[in-house]
Amino acid sequence: MRLAGKIAIVTGAARGFGEGIARAFAREGARLVLADLDAAGAAKLAGELGPAAIPVVADVRSGEDVEAIVAAATRGFGGLDIVVNNAGTTHRNRPMLEVDEASFDRVYEVNVKSLYWMARAAVPVLRAQGRGGSIINIGSTAGIRPRPGLVWYNGSKAAVNVMSMCMATELAEDNIRVNSVCPVIGETGLVADFMGMPNTEENRRKFIAGIPLGRMSTPADVANACLWLAEDASSFITGILLPVDGGRCA
Ligand SMILES: NC(=O)c1ccc[n+]([C@@H]2O[C@H](COP(=O)([O-])OP(=O)(O)OC[C@H]3O[C@@H](n4cnc5c(N)ncnc54)[C@H](O)[C@@H]3O)[C@@H](O)[C@H]2O)c1
C-alpha cells in the first residue's frame, strides 16, 4: 500500500475531488482527517472508510477551525504527514464587473487565506516531527491558462499556484514538499458555476472542445496525481504545478 503508515488531512473531503482523494488515500493505507463544512457528508464518508477516518466539521476560512483540523490528526492519530488543501469555491462565471464584493471576498477567504491558516497550523507540527511532509494544494489550470468569465477565481488559483512554489522553496530545508495539482474543469458540484450555464451535455461539450484528450477531469484523475505527490516515490518533487488537464495547457 502506497501510503501505509501515513497520516493525512484532506479539506473539502465530503464530495467532488476531495472525496475522490480521500477514498484513494484510504485505499492506499493512510489514516485520514476528513474536514468539511458539510457535517453530514464528512460523517457519511468517514462511516464508509471506517476507523482510519475522522470527520471534522470545519470552515477553512477560520484559523481556529483549521487548528482543530490539525489537532484532530495529532490527537487522533499521533502525527501528520500529508495535507491536501482541496476545499475551494468560485463565483459564477460572468463578466468581471458583475461579481460583487462579498463573492470576491468569499473566494479569496476560502481559496487563498485557507492556505495561510493551514500553513500556520500544520507547518510547526511537521517541523517538530522532523520527518518531512507533503503539502498538496489544489490549484487549477485556471491559474495557468485562464479563460474569460472567471477573472477573480482565476486570480485566486494563480495565488495558490505561486504560494505553492514559494512555500516549496522556503520549506525545503525541513524536507517538507509543497506542490500544486491543477485540474481542468471537472463535473463536480462547482461545474455549473464554472461554466456559467446549466450542466447539460451540450454545454459541457463546449468546454470539452478545448481539452485535447476530449473529456473533463474526474475525481479519480485528481486523486491519482495527489497520491503520487503524497507518497515517497515523489520524494524529489517539490514546487511543481501538475496539470491534470488532458493537454489543455500544452
Ligand atoms: N471542478 C472543477 O472543475 C475544478 C477545476 C480545477 C480546480 N478545482 C478545485 O478543486 C477543489 C475541489 O472542488 P470540487 O470541484 O470538488 O468542488 P465541490 O463543490 O464538489 O466540493 C468542494 C468541497 O469543499 C467543501 N468546502 C467548500 N467551502 C469550504 C470551507 N469554507 N470550509 C470547508 N470545506 C469547504 C464543500 O462543502 C465541498 O464538500 C477546489 O479547490 C476547486 O477550486 C475544481
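Bear in mind these aren't lab numbers, they're just calculated from the coordinates by the rules spelled out. Keep in mind the model is a prediction, meaning the values are calculated, not measured. With ideal geometry, Cβ positions are generated from the backbone for all residues, glycine too; neighbour counts draw on all protein chains shown.
The table for this structure:
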| read-out | value |
| --- | --- |
| Max mean-square fluctuation residue, GNM over the chain, Cα-Cα springs under 10 Å, options Met167, Met197, Met118 | Met197 |
| Overall form of segment 1-140 per C-alpha gyration tensor (a/c, 1.5; a/b vs b/c) | prolate |
| Dipole magnitude of segment 7-244, debye to nearest 20 (Cβ charges: Lys/Arg +1, Asp/Glu -1, about Cα centre) | 420 debye |
| Electrostatic dipole magnitude of segment 1-113 [Cβ: Lys, Arg +1; Asp, Glu -1; Cα centre; debye, to 20] | 520 debye |
| Computed lengthening from Met1 to Thr169, 0.36 nm per intervening residue step minus Cα-Cα distance | 57.6 nm |
| In Hz, Karplus ³J(HN,Hα) per residue of segment 91-107 (6.51, -1.76, 1.60; θ = phi - 60°; x = Gly, Pro) | 8, 5, 4, 6, x, 4, 6, 8, 8, 7, 4, 4, 5, 4, 5, 4, 4 |
| Of all DSSP beta bridges in the chain, antiparallel share, percent nearest 5 | 0 percent |
| Most fluctuating residue given options Pro146, Pro55, Pro183, as computed from a GNM of the chain linking Cα atoms under 10 Å | Pro146 |
| For Leu242, residues with placed amide H under 5 Å, excluding near neighbours | Ser180, Val181, Cys182 |
| Ascending count of other beta-carbon atoms within 10 Å, so fewest first, for Cys249, Cys182 | Cys249, Cys182 |
| CD proxy at 222 nm, helix term only [per DSSP H run n ≥ 4: -39500 (n - 2.57); per residue of the chain; nearest 500] | -13500 deg cm²/dmol |
| 10 Å Cβ shell holding at most 14 others, DSSP loop, trypsin sites (Lys or Arg not before Pro): longest site-free stretch of the chain | 1-130 |
| Within-14-Å neighbourhood charge of Met195 [Cβ basis; K, R +1; D, E -1] | +2 |
| GNM result for the chain, Cα springs below 10 Å: residue of Ala46, Ala172, Ala30 fluctuating most strongly | Ala172 |
| Nonlocal amide H pairs with Leu32, under 5 Å, H built at 1.01 Å | Ala8, Ala53, Ile54 |
| Semi-axis lengths, Å, the chain, gyration tensor of Cα atoms, sqrt of 5 times eigenvalues | 28, 19, 18 |
| Distance in nm between pseudo-label sites at Arg27 and Arg147 (7 Å out along the Cβ direction from Cα) | 2.8 nm |
| For segment 189-205, 3J(HN,Hα) per residue [Karplus equation, 6.51 cos²θ - 1.76 cosθ + 1.60, θ = phi - 60°, Hz, x = Gly/Pro] | x, 8, 5, 5, 5, 5, 7, x, 7, x, 7, 10, 4, 4, 5, 4, 4 |
